Amino acid sequence: MTEDVQKLREAIEDLQVRLRDEMQLRTELERRCHLLEKLAHRDPTTGLRTETYLRARIQEEIQRSFRYPSATTLITLCAPKEKIEEIPQLGRRLGAELRTSDHVFSLSKSGLAILLVETPEEGARKVLERLSAEMERFIGEYGYSVTSFPVDTNLADEFLQMAMERHNQVAQRLYPETQTAFSPVN
């Protein structure tokens, strides 16, 4: 019987070691998945947050605005064709100038979106004034649009659509030879 008990103890110890190893592997896998998820939100060539991530963040912020009454504002910027290559550098620079709760996103090749959390339209316009010298230094002239929730629309589904329509109008003024700069939001 003592031999059976010894074999059982060894089997239990072996299972505990394997369980501990499996837990460590799972923890490492979860860490890597979290890292990959974060990396998927950024464009690998520019380092800016992606338009896909913009859509997700807007949904999160609009839901937060419903729970805790606050404004969310989206500024979109459009650069002239000859300055398109400067957009990523400008985006990174603007990201460094904003609050940590605000985010800069890439919009196609010639645009940026700035999501200002808990910021009404008046605050967004002040941010634009503060950043205008930096933007002019990088890209010269530029076009922009400002869309604010819940002032411009109080429906979450319409917010990004409205912002992109406004951005397209600005882009059409800068690029009259093209139909629209950005595809409509689905």
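What follows is calculated from the coordinates using simple rules that are stated; it is not laboratory data. If you're wondering where the values come from, they're calculated on a predicted model, not measured in any experiment. In this analysis, Cβ positions are derived from the backbone assuming ideal geometry, glycine residues included, and neighbour counts consider all displayed protein chains.
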Limited to the stretch 8-37, what total is found for residues that are within 19 Å of His103 (Cβ to Cβ) and surrounded by 10 or more Cβ atoms within 10 Å (Cβ to Cβ)? 2
For the stretch 152-163, does any single residue satisfy the condition of being of a type in the set (D, E, K, R), surrounded by fewer than 15 Cβ atoms within 10 Å (Cβ to Cβ) and not in a helix (DSSP H, G or I)? no
Considering only the stretch 65-74, I want to know if a residue exists there that is of a type in the set (S, T, N, Q), outside any helix (DSSP H, G or I), within 25 Å of Glu134 (Cα to Cα) and in contact with an Asp or Glu (Cβ under 7 Å, 6 or more places away or on another chain). yes
Of these, Ser106, Ser101, which one is part of a strand (DSSP E or B), among the polar types (S, T, N, Q) and within 14 Å of the chain's Cα centre (by Cα)? Ser106
